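Heads up, the thing below is written out as structure tokens.
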Amino acid sequence: WLLGGPLPPHGWIRDVVSRGKVVQGGYRNMFHDPIALSAARTMLRSVVAALKQHAGIWMWNLGNEPDLFAWPNDYKAGREWIRNMVGLIHGLDRVHPVTCGLHGDSLARDNGLRIDQVCAETDVAVMHSYPMYSSWARQPLDPDFVPFTCALTAALCGKPVLMEEFGGCTAQPGEASHIMEWKAYGTQRKQFMASEEDLAEFLRLTIPKLQDSGATGAMVWCFADYIPELWGLPPCDNAPHERFFGLVRPDGSLKPHAKVIQEFAATNPQAKPIPDHARLTVDPDEFYKDPGKLIPRLYAEYLKGVEK
């Protein structure tokens, strides 16, 4: 139901796979296109009504980093879309909370899904954070980066934050950390691939820092690597790094960072109040005028507090 429509206005297009093949051309903007909006409402009504009493339901999520596919025309339109979708779900299910899976792009710029505006309408504030994708992280596996983005998100929206997604893609067992390069759809691409041991150390350092920053919890992306039988199919064929974000290898064995999580969970950790060093002073309207200028300064201030 997204097939058809113009290219997204932000200048890039995501692959749409239909019937096992990548479909060429544009797709509908789910924030504004009437057909896409109608389909989204139909899907929500159907899914929420069918599953709201299922024991496996914890929370509803309006999308995994939805700005990667299209943008609202502006942040007011983005907030209206969130309000309408949250209201639709609440009309069917008053028990389970609703969130929207924002990621670092909503910190880096105003993409129509500003953190303060989105979280004013959702029940739970979340963030997805990866230092290897950031120009201002100190290194690809910066252990203070994820906690800082959690604190900055909390400062912008006035709510404690669930770190809904973080982690990294790993090199093959025994390989050192390196930069993988490949060509996809005519574009040269590169990706930092952490050694399994380096990613485990990153999590060993990051998770307690997240707890200390006031995060309500954290989830690692993701459960398992893709099995080799899927590597030649879209989207794995043109995004080879996506094959290796798992806690579990294709053969079912645990990677070292899975064991780090097991050991931390065994301590029965509890959420902590946001500490003084993580209580950043940020005016959302001023922040979104030039996030690229303010974030490095705020991060430097945060690090000074961590080091005390």
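Quick notes on this structure:
- Residue 73 versus residue 183: modelled label distance in nm, points set 7 Å from Cα along the beta carbon direction: 4.1 nm
- Per-residue SASA entry for residue 185, accessible area with 1.4 Å probe, Å² rounded to 10: 110 Å²
- FRET efficiency, 1/(1 + (r/R0)^6) with R0 22 Å, evaluated for residue 109 and residue 239 via beta carbons: 0.45
- Sorted on the mean count of surrounding Cβ atoms within 10 Å across their residues, most packed first, peptides 265-274, 19-28, 129-138 read 129-138, 19-28, 265-274.
- Total formal charge among the other residues, if their Cβ is under 15 angstrom from that of residue 59, Lys/Arg +1 and Asp/Glu -1: -2
- Cα-Cα P(r), the range 267-308, percent of pairs per 10 Å interval: 24, 42, 26, 8, 1
- FRET E, pair residue 43, residue 22, Förster distance 25 Å, beta-carbon r, rounded to 0.05: 0.65
- Computed label-point distance, nm, for sites residue 279 and residue 224 using a 7 Å Cα→Cβ extension: 4.5 nm
- Residue ranking by accessible heavy-atom surface, 1.4 Å probe, largest first, among 257, 277 comes out as 277, 257.
- Packing here is the average count of other Cβ atoms within 10 Å per residue, and on that basis the peptides 204-214, 94-104, 40-50, highest first, run 204-214, 94-104, 40-50.
- Here the alpha carbons of the range 1-66 define both size measures, Rg and Dmax, at 14.3, 41 Å.
- Prolate/oblate/rounded call for the range 215-308, Cα gyration tensor, a/c under 1.5 rounded: oblate
- Estimated translational D of the range 1-126 in µm²/s (Stokes, Kirkwood radius over Cα pairs; 25 °C; 0.890 mPa s): 160 µm²/s
- The range 3-57 and the range 203-234 have Cα centres separated by 25 Å.
- Taking Cβ atoms as reference points and 12 Å as the exclusive limit, the residues near residue 22 contribute a net charge of +1, counting Lys and Arg as +1 and Asp and Glu as -1.
- Efficiency of FRET between residue 52 and residue 83 - r from beta-carbon atoms, R0 22 angstrom, step 0.05: 0.65
- Cα gyration tensor shape for the range 153-306, rounded if a/c is under 1.5, else prolate or oblate: oblate
- Solvent-accessible surface (1.4 Å probe) assigned to residue 251 amounts to roughly 120 Å².
- Our analysis of the chain gives Rg over Rh at 0.95, with the two radii drawn from alpha carbon positions and Rh computed by the Kirkwood formula.
- Extension gain, residue 267 to residue 59: 0.36 nm times the residue separation minus the Cα-Cα distance gives 72.4 nm.
- Solvent exposure of residue 92, expressed as accessible area, is near 60 Å², computed with a probe of 1.4 Å over the protein chains only.
The values are calculated or read from the model by the stated rules, or taken from the named source; none is laboratory data. As the structure is a computational prediction, the values presented were derived from the model and not from experiment. Because the Cβ atoms are built from the backbone with ideal geometry, glycine has one as well, and the counts that use them run over all protein chains shown. Calculation scope for accessible area: heavy atoms of the full protein, side chains included, ligands and nucleic acids excluded. Shrake-Rupley method; radii C 1.70, N 1.55, O 1.52, S 1.80 Å.
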